[in-house]
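Here's the structure, in structure tokens; my notes come after.
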Amino acid sequence: MPDVVLPVLNEAAALPWVLERMPEGYRPIVVDNGSDDRSGDIARALGALVVEEPRRGFGAACFAGLEASGAEVVCFMDCDASLLPGELPEVTGPVLAGDADLVLGSRRPEGRGAWPWHARGANAVLAWQLRRRTGVPLRDLGPMRAARRRDLLALGIEDRRFGWPLEMVLRAAAADWRIAERPVTYLPRTGRSKVTGTVRGTLRATGDMARVMG
């Protein structure tokens, strides 16, 4: 069954909620990206495999988790309680069945504040640029996604910041991967986001993605 890579930076409040809802057979790999709130200790106590990645960066954490995985199929998702672990089988299903090479969860916000306007707008612009450039009909560059580990490593993704998710899709499209979307629930996160919770954070992430797009 798949491994689930969970990049973490100070998510002590959300970790129990996420890990307790992990589907049976899905192994969580928590990548601690320099937390100072005992996130790593909490994850270990709850039975997760914990990987320490001292180099800061969303992509650095994702890559460390990918390298640590031993599963044929690897999932990625945020660990802030904004995504439902129980929906992972919907995303991994087409990959496990051989019907798709990469599946992304297309977020459907539920609850006030689930997707701030600045983050949603930036995502829409990037998705539009991606569709125009690659022809892949994606509506969301969502953080819940799944693909085969060996194939992901072969893509040679270089970005180690917030451009990682976009570069994955760009390289997959260039390699003629079958890319699909599945709807997933998007809830208000636990705690304040380092990225989408502020306009500054959104601009930083968008800047990283624009650099990758260029």
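The values are calculated or read from the model by the stated rules, or taken from the named source; none is laboratory data. The shown structure was predicted, so the numbers you read here are calculated from the model rather than taken from an experiment. Glycine also receives a Cβ, built like all others from the backbone with ideal geometry; neighbour counts cover every protein chain displayed.
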- Would you mind telling me which numbered condition in (1) among the small types (G, A, S); (2) over 13 Å from the mean Cα position of the chain (by Cα); (3) over 13 Å from P7 (Cα atoms) G40 fails? (3)
- Message: If L141 meets every condition in (1) part of a loop (DSSP other than H, G, I, E, B); (2) over 18 Å from V4 (Cα atoms) apart from one, which number is that one?
- Response: (2)
- Apart from one, (1) within 20 Å of V184 (Cβ to Cβ); (2) without any contact (Cβ under 8 Å) to a residue 60 or more places away in the chain; (3) of a type outside the set (G, A, S) all hold for E53; the odd one out is (1)
- Note on the structure: Selection over region 15-30 where residues are over 16 Å from A147 (Cα atoms) and surrounded by fewer than 21 Cβ atoms within 10 Å (Cβ to Cβ) yields a count of 9
- Tell me, which helices (runs of 4 or more DSSP H) lie completely within region 148-214 with 3 or more residues that are of a type outside the set (G, A, S) and modelled with pLDDT of 90 or more? 149-155, 164-174
- Can you name the number of the only condition in (1) over 22 Å from T185 (Cβ atoms); (2) free of Cβ contacts under 8 Å to residues at least 24 places away in the same chain that G47 fails? (2)
- Message: Quick check on region 101-113. Is at least one of its residues surrounded by fewer than 16 Cβ atoms within 10 Å (Cβ to Cβ) and assigned to a helix (DSSP H, G or I)?
- Response: no
- Is it true that L66 is under 12 Å from the mean Cα position of the chain (by Cα) and either over 19 Å from V18 (Cβ atoms) or surrounded by 22 or more Cβ atoms within 10 Å (Cβ to Cβ) (or both)? no
- Subset of region 77-119, residues more than 19 Å from F58 (Cβ to Cβ), among the hydrophobic types (A, V, I, L, M, F, W, C) and at pLDDT below 95, comes to A114, W117
- Task: Spot the failing condition for G98; the list is (1) farther than 22 Å from T190 by Cα; (2) touching a residue at least 12 places away in the same chain (Cβ under 8 Å), and only one is missed.
- Result: (2)
- Task: Test each condition in (1) surrounded by fewer than 16 Cβ atoms within 10 Å (Cβ to Cβ); (2) more than 22 Å from R160 (Cα to Cα) for R55 and report the one that comes out false.
- Result: (2)
- Query: part of a loop (DSSP other than H, G, I, E, B) and over 27 Å from E67 (Cα atoms), is that true of G121?
  - Reply: no
- Message: Pairs needed: first member in region 156-184, closer than 23 Å to P7 by Cα and touching a residue at least 12 places away in the same chain (Cβ under 8 Å); second member anywhere, buried (at least 18 other Cβ atoms within 10 Å of the Cβ) and among the polar types (S, T, N, Q); C-beta distance under 6 Å; at least 6 residues apart or different chains.
- Response: E181/S106; P183/S106
